[in-house]
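Presented below is the structure to which this report refers.
The values are calculated or read from the model by the stated rules, or taken from the named source; none is laboratory data. All values reported here derive from a predicted model rather than from experimental measurement. Neighbour counts run over all protein chains shown; Cβ positions are idealised from the backbone, glycine included. Heads up: the accessible areas ignore ligands, DNA and RNA and are worked out on the full protein's heavy atoms, side chains in. Shrake-Rupley method; radii C 1.70, N 1.55, O 1.52, S 1.80 Å.
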Number of protein chains: 2
Amino acid sequence: VRAIVLSIGKELVTGLRLDTHSADIARALVAIGINVLRHETVDDNAGAIEAALRRAGAETDLIIATGGLGPTLDDCTRDGLAQAMGVSLELDAEAIAHLESWAKARGRTVSESNRRQAYLPRGCQALPNPIGTACGILGRVGGAQVYCMPGVPGEMALMLRQEVLARLQAAAPGYVTVVRTLRTFGLPESILGEQLADLMVIGRRPHVGTAVHGGMIDIHVYAAGQPAEVADLLEADAQIIRQRLGDKVFAEDGQELEEVVAGLLAARRATVAVAESVTGGLVAAKLVNVPGMSEHLLEGVVAYSNESKVRRLGVAEELIESHGAVSEPVVRAMAESVRRATGADFGLADTGIAGPDGGSPEKPVGTVWMAVSDARGTEAVKEVITGDRALVRERAANYLLNMLRLRLIEPRP
Amino acid sequence: VRAIVLSIGKELVTGLRLDTHSADIARALVAIGINVLRHETVDDNAGAIEAALRRAGAETDLIIATGGLGPTLDDCTRDGLAQAMGVSLELDAEAIAHLESWAKARGRTVSESNRRQAYLPRGCQALPNPIGTACGILGRVGGAQVYCMPGVPGEMALMLRQEVLARLQAAAPGYVTVVRTLRTFGLPESILGEQLADLMVIGRRPHVGTAVHGGMIDIHVYAAGQPAEVADLLEADAQIIRQRLGDKVFAEDGQELEEVVAGLLAARRATVAVAESVTGGLVAAKLVNVPGMSEHLLEGVVAYSNESKVRRLGVAEELIESHGAVSEPVVRAMAESVRRATGADFGLADTGIAGPDGGSPEKPVGTVWMAVSDARGTEAVKEVITGDRALVRERAANYLLNMLRLRLIEPRP
């Protein structure tokens, strides 16, 4: 079964609001083995909706649409669907009964604007909406079954589960699509692509693809088929990737880097303290976003000014004077000092130039020194990160968390 | 000019990742008077990309595409565009020169997979990418000019601004759509909607709409027409909104809350220090993301554990024992202590329960105490924030920044 997902709304097509429904619906469809061809987002006028439905109806077996089923005049999915089907709107007995019982439960009568919601294209079926006035609609355009759902998030989610997915699953065989995601840190995409070139050949089963964000690369492995066979296929690829990329793979179940680090800290009952300059609190904020970190993150210090590095962290003033605040001796002193002051097992530190100003020929914008200190010593590295201020800080924070991760998975003597 | 926005990627079409580029691009296009017909999200195979480009090229004047320009085999936007144009791929002199200088700066040579990125459809023009290996591509399919940009967020944003919008604006007539955004903090959407009901009537010019995120509500006012007339229309609405909402409006030019706060700190040459518990570094991280904050943010302390509150901030242990860590006396002590220790003009602090665990009937998950301290005294407030862990922390950070903003704009004696 092939599907097209359709989102309807002026606020979506103009970008004033982010469409999250299409991704949610696509994931749900993919999970039951449906092949999602594309998403479309269109304006809420009947002509645009009609055109989108006709285009999709000529290409696919299934159309899942959201939005435009409300009571106001700018809600015209009903009209667009009727035009695409070449039929008129007529009062639907089930839909008007729903509106009447809804109004009665609130001691009201059905308003004129709500009454519009009971007019469905002739030959369509109303889909119940237990938590709102807008019924869904099941119709057909071209070769495709069309499900229309309201755009209100809670109503959409409930109707998707109870009406749409329930019907599709009942009609579907035991065929599923499963995605396994291996997240990596520390390899450029071109190198990673070369190491996995044989897996990424177009048309191979499973399909292997990559996506980059925040300096990290996710490897998605997709396969469709019978559940047991698919599980074997994915595990075989995951093993190959794990073998080739080693400790570059930090998660296999969708965890964020900070969740992996938090898990390792918990497993080793280890504690950490952070002294941040260029990341300005971002490393601590990421760790704190994992529940239960209060036992492991002893303290964070945002020592953004030189004064704070000296007074709060006890970095010697002459170190900063002779080497500059963005230097190996200073980042080492920061990591060691925050570890010593708190008694943590690990001390993390960073200092760098996020830009847009402050760069020099020897220390261009993006230069970041990062350090991890523990009982065995202190390791410091320099990276020159390209990107704007926010990106430099995001990547530096991830880099530092990954340094801690690598320390935590090292075999201990 | 009519445009279609195209996002390319299997991770997008299957819903594994949320497409945020289409909305960002649509907003930018609408702002310069371009009519966005629809967005499409398609799979990263050459056939799907070719079909989408042909479909769009037959309907529109402009196609803005993102994704599929990376070095790996699943990046096939170049192939899809070549097929839609009916031409072959050939080595582009500008693109290969860019890759060579990129590799040289890193002491490497151009890898085989990166080399693929320099093959563009014949007759296309490379668009420079100063922060990545993927050049953009400018081509033509049917009646439409086609801009292809990389999907990597920072690279896309920069190329959109520097290459795409700059060219489109230069070519545009004197007809514009202007969006004026007034950002507000501290009013529920229903109250705000009632206060602006007469402005938000459908069909009114300018169009006034709202969008909610991170506990803040943006009011978008948009009008199309000749620049001078549009400017007058928008200014008239902005004045009405300003009068009705007063200091709830914190920005009118797209600034983030932390940028407004940083501007106020700079104007008053004031300094601040932050003691964060529930926000775990997020407040400092937001402030540090504004360039030049090192003079104003004296220090941040992430005192997530009780021990750290006592040892580092000098909060009396009996305060925590008798009132709990999430309490008014503790948040006051934190704000006063961090201000005193650093000599800052303002001390900020927060402590709360982000969840999912740790709530109780008297202090449910989402309970957050926040305080601002200065020479005139300390103000503490409690909010119970609904939402998941990340949302509670994001809203608390914004709430605390807004408390500081309100202090900074108070008339001084």
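Conditions tested, residue by residue: (1) assigned to a helix (DSSP H, G or I); (2) of a type in the set (Val, Ile, Thr); (3) modelled with pLDDT of 90 or more.
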site: B:Met156; (1), (2), (3): yes, no, yes
site: B:Met159; (1), (2), (3): yes, no, yes
site: B:Val164; (1), (2), (3): yes, yes, yes
site: B:Arg167; (1), (2), (3): yes, no, yes
site: B:Gly174; (1), (2), (3): no, no, no
site: B:Thr177; (1), (2), (3): no, yes, no
site: B:Thr184; (1), (2), (3): no, yes, yes
site: B:Leu187; (1), (2), (3): no, no, no
site: B:Leu192; (1), (2), (3): yes, no, no
*Failed condition for A:Ala344, given (1) of a type outside the set (Phe, Trp, Tyr); (2) in a loop (DSSP other than H, G, I, E, B); (3) at pLDDT below 95, with all others met?*
(3)
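Listed here are the residues, each with its yes/no results for (1) more than 19 Å from A:Glu299 (Cα to Cα); (2) assigned to a helix (DSSP H, G or I); (3) open to solvent by 60 Å² or more (accessible area, probe 1.4 Å).
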position	(1), (2), (3)
B:Ile320	no, yes, no
B:Met334	no, yes, no
B:Asp357	yes, no, yes
B:Pro364	yes, no, no
B:Ala371	yes, no, no
B:Ala390	yes, yes, no
B:Leu400	yes, yes, no
B:Arg407	yes, yes, no
*Test A:Asp19 against the criterion of being out of contact with any Ser or Thr (no Cβ under 8 Å at 6 or more places or on another chain), at pLDDT 90 or above and within 8 Å of chain B (Cβ to nearest Cβ), and give yes or no.*
no
*For segment B:144-159, how many residues are open to solvent by 10 Å² or more (accessible area, probe 1.4 Å) and within 12 Å of chain A (Cβ to nearest Cβ)?*
7
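For residues that are more than 22 Å from B:Gly377 (Cβ to Cβ) and open to solvent by less than 60 Å² (accessible area, probe 1.4 Å), scanning just segment B:304-318, find the one that is farthest from the other protein chains (Cβ to nearest Cβ). Show your work before the answer.
First pass over segment B:304-318, keeping only residues more than 22 Å from B:Gly377 (Cβ to Cβ): B:304-308, B:310-312, B:317-318.
Narrowing further to those that are open to solvent by less than 60 Å² (accessible area, probe 1.4 Å): B:304-305, B:308, B:310, B:312.
On the way: B:Tyr304: 5, B:Ser305: 5, B:Ser308: 4, B:Val310: 11, B:Arg312: 6 Å.
In this case the residue turns out to be B:Val310.
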*Tally of residues being closer than 12 Å to B:Gly281 by Cβ and open to solvent by 30 Å² or more (accessible area, probe 1.4 Å) across segment A:287-296*: 1
*Condition met for A:Asp350 (surrounded by fewer than 24 Cβ atoms within 10 Å (Cβ to Cβ), in contact with an Asp or Glu (Cβ under 7 Å, 6 or more places away or on another chain), more than 10 Å from every other protein chain (Cβ to nearest Cβ) and not hydrophobic (A, V, I, L, M, F, W, C))*: no
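Can you list the strands (runs of 3 or more DSSP E) lying wholly within segment A:204-299 that have 1 or more residues being under 25 Å from B:Asp44 (Cβ atoms), at the interface with chain B (Cβ under 8 Å from one of its Cβ atoms) and of a type outside the set (A, V, I, L, M, F, W, C)? Talk me through it step by step, then tell me what you get.
Values: elements: A:207-213, A:216-225, A:249-251, A:272-276.
Passing ranges, in order: A:207-213, A:216-225.
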_Could you go through segment A:166-175 and let me know if any residue there is surrounded by fewer than 20 Cβ atoms within 10 Å (Cβ to Cβ), closer than 27 Å to A:Glu229 by Cα and under 22 Å from the mean Cα position of the chain (by Cα)._
no
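Conditions (1) touching a Phe, Trp or Tyr at 6+ places or on another chain (Cβ under 7 Å); (2) polar (S, T, N, Q), marked per residue:
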| position | (1), (2) |
| --- | --- |
| A:Ala82 | no, no |
| A:Met85 | no, no |
| A:Leu91 | yes, no |
| A:Trp102 | no, no |
| A:Glu112 | no, no |
| A:Gln125 | no, yes |
_Please determine whether any residue of segment A:197-208 is closer than 19 Å to A:Arg2 by Cα, open to solvent by less than 50 Å² (accessible area, probe 1.4 Å) and touching a strand residue (DSSP E or B) at 6+ places or on another chain (Cβ under 7 Å)._
yes
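Working carefully through the options A:Ala275, A:Ala341, A:Ala325, find the one that is of a type in the set (A, V, I, L, M, F, W, C) and open to solvent by 40 Å² or more (accessible area, probe 1.4 Å). Talk me through it step by step, then tell me what you get.
Working: A:Ala275 fails: open to solvent by 40 Å² or more (accessible area, probe 1.4 Å); A:Ala325 fails: open to solvent by 40 Å² or more (accessible area, probe 1.4 Å).
From the options A:Ala275, A:Ala341, A:Ala325, the qualifying one is A:Ala341.
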*asked:* Taking the criterion of being in contact with a Leu (Cβ under 9 Å, 6 or more places away or on another chain) and touching a residue at least 24 places away in the same chain (Cβ under 8 Å), would at least one residue in segment B:95-104 satisfy it?
replied: yes
